[in-house]
Amino acid sequence: MNKVRRQTELIKLIAKEPWQHTQKGLAERFLTSEATVKRDLVELAQKEYIFAENDEQELFLQSPGWCELTPLKEATLRQMEILELLQRFKAGLTVAKIEKLIHSGADGETGEKTVERMVKDLVFKGFVTRQGNVYCLNPTWILPPLQLNEREKQVFYEALKLTKALSPLPEVIPALEAKLNISLPPHEEIETVLVQGRTPSHNMRRIHICNALVQAARSHQVIKILYRREGEETVQEVRVYPLGIVYYWVLDKWYLATKTKNGMRTYVIDQILHLDQEEEHFEGNSDFDLKTYYGSSWGIYRCATPTEVKIRFYRTYSTLQRVREELQGRVSCQLEEDEEGLILTDRVDGIAEIAVWLRGFGSSAQVLEPPELRERMREEWARMYELYGKEGQHDFSGTR
């Protein structure tokens, strides 16, 4: 058994049988030495796999890592996150502000000095410009010509399709896509659905999984996934028929949409520990469109009975701007402005999910229709009043 296959089987075995295997037991299982197993675990840790070990030295797969692609260095990941931040903040950011916004590194800390070195390196490479103590994206930067083989072009093309909305240089994406597409065969389009709302956070350690899932959906290829529900230790091994991926902004999560006998099922992509592509292909449905399927949904869940909603938003703080920004991608809604603010009308599949969204507006949002949504919001605010209405009425020392 070669190293790649052994490491793959090791991941699957530890995931499917948590807290049952030691390094010594794995060495015996794979007919190799403990030193080899230890090296395998070290290499997998470098690919972002995180293993926990109990007092008996039994292993548990705590977090999945990179399945196929070579992992990026931590410094590269941090620089990519800096570019993403500068894309979001057009006016630029100081080093101190970047340090507050950037994710922690592998050592749990990314200090201001480290961020300053990274930003200066981006300036040296021409990606970023400096104006006083503020750093901005360089608007004149152009991608150099790329020499890629066919497989690299395909992978890069898929990455572009997934990350177009998050690119630090969106103006160069169409030209780059066109250049790559010239030498790529035509293929059926598979939608990546972004449910309306805020732009998704850029989880770069999961992009490779999304690439593989979209590729499988495009070719109608059956895949087998190891899936672990949140809060559980046991793992399910499931054969699925992928249709595409969906982003739900309320939870900031990506989902795999799959075909089932009775309709469709979704899986949280971050909870997929491992995936294998099968040789089998499934029959696609030319009449099915993922974007249409989620057309009326407010989030990832559907009850297939859209309801007419009418909501008034008042002119308080930046409420109207936020409503316009978060609903700009929702085709079915209509916004009408009057002296008091905005009136939203829409057909929504998912009353519970829009209620969660409305709760974030406080008294700046008033549900006019339907009655069941008004009642749900009234109950929510009654519970809020119970918590905060009168001083000393509630004991906050416990959990609720």
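Structure notes:
- Among strands (runs of 3 or more DSSP E) entirely within the range 178-253, having at least 1 residues that are modelled with pLDDT of 85 or more, among the charged types (D, E, K, R) and surrounded by 17 or more Cβ atoms within 10 Å (Cβ to Cβ) singles out no element at all.
- Given (1) of a type outside the set (Phe, Trp, Tyr); (2) modelled with pLDDT of 85 or more; (3) not in a helix (DSSP H, G or I), number of the condition Val119 does not satisfy: (3)
- Of residues in the range 1-41 being among the aliphatic types (A, V, I, L, M) and surrounded by fewer than 16 Cβ atoms within 10 Å (Cβ to Cβ), the one modelled with the lowest pLDDT: Met1
- Residue check, Thr345 touching a residue at least 12 places away in the same chain (Cβ under 8 Å), among the polar types (S, T, N, Q) and in contact with a helix residue (DSSP H, G or I) (Cβ under 6 Å, 6 or more places away or on another chain): no
The values are calculated or read from the model by the stated rules, or taken from the named source; none is laboratory data. Here the structure is a predicted model, which means the values were calculated and not measured. Counting neighbours? That spans all protein chains shown, and the Cβs are built from the backbone with ideal geometry, glycine included.
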